[in-house]
Amino acid sequence: MVRMQCAYENKVECDLSGSGVPSLSLADLADGAEAVRFVSEASQNYPPSGGSSELRAAIASLYQNASSDHIHVTNGATEANFLGAWRILEEGDEIVVMVPGYMQTRNLARSWGLKITPLPLREDTGWQFDPEDLKTMVNKKTKAIQVCNPNNPTGAVMADEQRTVLVDCAKDSGAWILSDEVYIGAELERDRTKSLWGDYERTLVTNGLCKAYGLPGLRIGWLVGMPEILQEITSYHDYLTLTHAMPCDHLARLVLEPERRERIIARNQAVIREGHRNLKEWASSHDPKFSFSSPEAGPMCFINHSPVADSFEFAKRLLKEKSVLVVPGCQMGMDGYVRIGTSVKEDLLNFGLSRLDELLNSFEDELSE
Ligand SMILES: Cc1ncc(COP(=O)(O)O)c(C=O)c1O
């Protein structure tokens, strides 16, 4: 997915492949001069591995029953996911993975020789998984259950019943829960999603500043876990990048000051809401060929284009014939759909949606010939 985005995002007329909001600048973060002073006066030594005590304390304050010892800072959520998976998963293990989802852990597990059991999310139940599915999938051999909540690409938030069953299944089997929560704070109308941290000790939560905070370029992510496992992960981190960058540690502390943090999140939620409003307006005034379920969080939408083609073929033709870049559902574990980013300029979104409809018409014409 990422390779396809990097290859084409600057070459197409319309890039709808993103899953974030337009990013903030340093000047947006604070008074520009304050941000520059903050960074220019900071020591540029290595930050402590796992983050400065100030940053870890600021992150810990976001979670119930967490102290700085429960936090380990990384280079983005990508590194947090990698470190968690690297420490927990071994060749021959079994893992249950929510699909569709962000495929990093699933694909690492595949390359490390694990047995992967996909846990399907179902559009007809608001993109929830069926609790009975999970109960039949998890057993004593299950090493981990990986979830993305709120989910990328569907934007669904796990319902209470599913959450209870997830924790119960993990507890009964001794499996780890690996919970990617980068979209917490990117909710549209509902309350903030509750982290899975705190219900069960064998949980590793990952998060970062990339989505709800709109600051992917700071490359700040983190793990939340029990201190013993984080100490072990610190040694794994030594073999990867040692630590994150000092200027980013300082800027992340600034971002997470409570008032500023809430201001940033509110700004981004407004941007996300506007994108979804534009999508709905376009859809209601154009009788679109495609269908979608309204997400609860995140600047994206998972659009159903089936059954005209498989999602890769569909996205490839959209790219080549219509100069629109989207993410094919197969790259997120589910065919028949494409993911579009909604937090782009209204004109661009409308342009991309019209082109999507045009392509669906072409497919239908070809099929009827
Ligand atoms: C669910 C999810 N997790 C992790 C990441 C990567 O986060 P970061 O940019 O902080 O490495 C992404 C990026 O799109 C994501 O969607």
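The values are calculated or read from the model by the stated rules, or taken from the named source; none is laboratory data. Note that this is a predicted model, so its numbers are computed, not measured. Note: ideal-geometry Cβ built from the backbone for every residue, glycine included; neighbour counts use all protein chains shown. Note: areas computed on protein heavy atoms with side chains; ligands, DNA, RNA excluded. Shrake-Rupley method; radii C 1.70, N 1.55, O 1.52, S 1.80 Å.
Using the 1.4 Å probe convention, the accessible area of the chain works out to 43 Å² per residue with neighbouring protein chains retained.
For region 40-256, the extents of the C-alpha atoms along the principal axes are 55, 41, 29 Å, listed from largest to smallest.
At the residue level, GLU228 shows approximately 110 square angstrom of accessible surface with a 1.4 angstrom probe and all protein chains present. Highest mean packing first, where packing is the average number of other Cβ atoms within 10 Å per residue, the peptides 269-276, 133-140, 93-100 line up as 93-100, 269-276, 133-140.
Once C-alpha pairs closer than 8 Å and six or more residues apart are averaged by separation and normalised to the residue number of the chain, the relative contact order reads 24 percent.
A Förster radius of 22 Å, combined with the Cβ-Cβ distance separating TYR236 from LYS141, puts the computed FRET efficiency at roughly 0.40. Size descriptor for the chain, Kirkwood hydrodynamic radius: 21.3 Å (Cα pairs only, one decimal).
Counting charges near ASP28 (Lys, Arg +1; Asp, Glu -1) among other residues having Cβ under 13 Å from its Cβ returns a value of +1.
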